[in-house]
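Participant: Before I ask anything, let me first share the structure, which is written out below as C-alpha cells.
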C-alpha cells in the first residue's frame, strides 16, 4: 500500500469504492479485480482511470497485487489485458502509467508493455514519473 497512499480506514475504503463505481458509471471503464482462473483466488486489482495530471486529462493504467504474487508474471498479464481493453475495445489514443521513482517492478512491467518515459510530474502531491504508451505503438508490438 506504500505506493497507493497507505492503508485506508473503513470510511476511506468505502469512499474509494464509491468513487470507483461512480467512475464506471461516468466513463464505462474503471478498476477490475483479478483472480486465478482455476480456483478464484484473489490476486489483485487493476484497470483504467481518468486522472488529471498537471491540468491535462489522462487515462492511467494502474494495478496492485498481493505481495505473494509479485515476480511471477501476474502484473504483466494484468497490464496486457487492461491495455488490450483500453486500446482494442475502448479505442483510446494513449494511456499513461504514473510510477514512483523507486518502484522498479512497476517500471519494468510498464517498459515491457512498451511504455516510454515522458517526464517527471507531481501527482497527488508526490513526485512520479509519467510513462506513456500510444495506440500506434501498441498496434506495432508483435508480442501482444
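Participant: Identify, from the list 96, 109, the residue that is farther than 13 Å from residue 135 by Cα and within 12 Å of the chain's Cα centre (by Cα).
Facilitator: So the residue among 96, 109 that is farther than 13 Å from residue 135 by Cα and within 12 Å of the chain's Cα centre (by Cα) is 109.
Participant: For region 59-83, what are the residues that are touching a strand residue (DSSP E or B) at 6+ places or on another chain (Cβ under 7 Å) and assigned to a helix (DSSP H, G or I)?
Facilitator: Of everything in region 59-83, those that are touching a strand residue (DSSP E or B) at 6+ places or on another chain (Cβ under 7 Å) and assigned to a helix (DSSP H, G or I) turn out to be 69, 74, 75, 78, 79, 82, 83.
Participant: Of all residues in region 78-98, count the ones that are in contact (Cβ under 8 Å) with a residue 12 or more places away in the chain and surrounded by fewer than 21 Cβ atoms within 10 Å (Cβ to Cβ).
Facilitator: Here the count works out to 8.
Participant: Sort out which residues of region 84-113 are assigned to a loop (DSSP other than H, G, I, E, B) and in contact with a helix residue (DSSP H, G or I) (Cβ under 7 Å, 6 or more places away or on another chain), and write them in order of number.
Facilitator: 92, 93, 100, 103
Participant: Can you name every residue in region 114-131 that is part of a strand (DSSP E or B) and crowded, with 18+ Cβ neighbours inside 10 Å?
Facilitator: Within region 114-131, 123, 128, 129, 130, 131 meet the criteria.
Participant: Next question. Within region 1-40, track down each residue that is at pLDDT 85 or above, exposed (fewer than 11 other Cβ atoms within 10 Å of the Cβ) and in a loop (DSSP other than H, G, I, E, B).
Facilitator: 28, 37, 38, 39, 40
The values are calculated or read from the model by the stated rules, or taken from the named source; none is laboratory data. All values derive from a computational prediction rather than experimental measurement. Backbone-built Cβ (ideal geometry, glycine too); neighbour counts: all protein chains shown.
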